[in-house]
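Working notes, structure below.
The values are calculated or read from the model by the stated rules, or taken from the named source; none is laboratory data. From a predicted model like this one, the values you see are computed outputs, not experimental measurements. All Cβ positions, glycine included, derive from the backbone under ideal geometry; neighbour counts span all protein chains shown. Surface accessibility is based on the protein's heavy atoms, side chains included, excluding ligands, DNA and RNA. Shrake-Rupley method; radii C 1.70, N 1.55, O 1.52, S 1.80 Å.
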Amino acid sequence: MYHRPQISLNGLWEFSIPGGYTELRKVPGSYSCVGDSIYRRTVSINAPQDGRRMRLCFEGIAYE
């Protein structure tokens, strides 16, 4: 069985409201919904060179 490497993206993310301010927020976290919002984070990943695909999976995303 092949073990798929996992990279945790927990930590500080840039949070912003379109046309508004930007701040750092800890993820995972629990924050009040404010309408449209953006969470952004840059990561460096070594892509496989043998033709395999990569998958990005978000767990525990919720909204009202």
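Matching residues to (1) assigned to a loop (DSSP other than H, G, I, E, B); (2) open to solvent by less than 80 Å² (accessible area, probe 1.4 Å):
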| position | (1), (2) |
| --- | --- |
| Gln6 | yes, no |
| Trp13 | no, yes |
| Gly20 | yes, yes |
| Glu23 | no, yes |
| Ser32 | yes, no |
| Gly51 | yes, yes |
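Could you tell me whether the stretch 35-44 includes any residue that is surrounded by 10 or more Cβ atoms within 10 Å (Cβ to Cβ), closer than 18 Å to Glu59 by Cα, more than 11 Å from the chain's Cα centre (by Cα) and basic (Lys, Arg)? No, the stretch 35-44 contains no residue that is surrounded by 10 or more Cβ atoms within 10 Å (Cβ to Cβ), closer than 18 Å to Glu59 by Cα, more than 11 Å from the chain's Cα centre (by Cα) and basic (Lys, Arg).
Scan the stretch 11-32 for residues that are modelled with pLDDT of 90 or more and not basic (Lys, Arg) and the total you get is 9.
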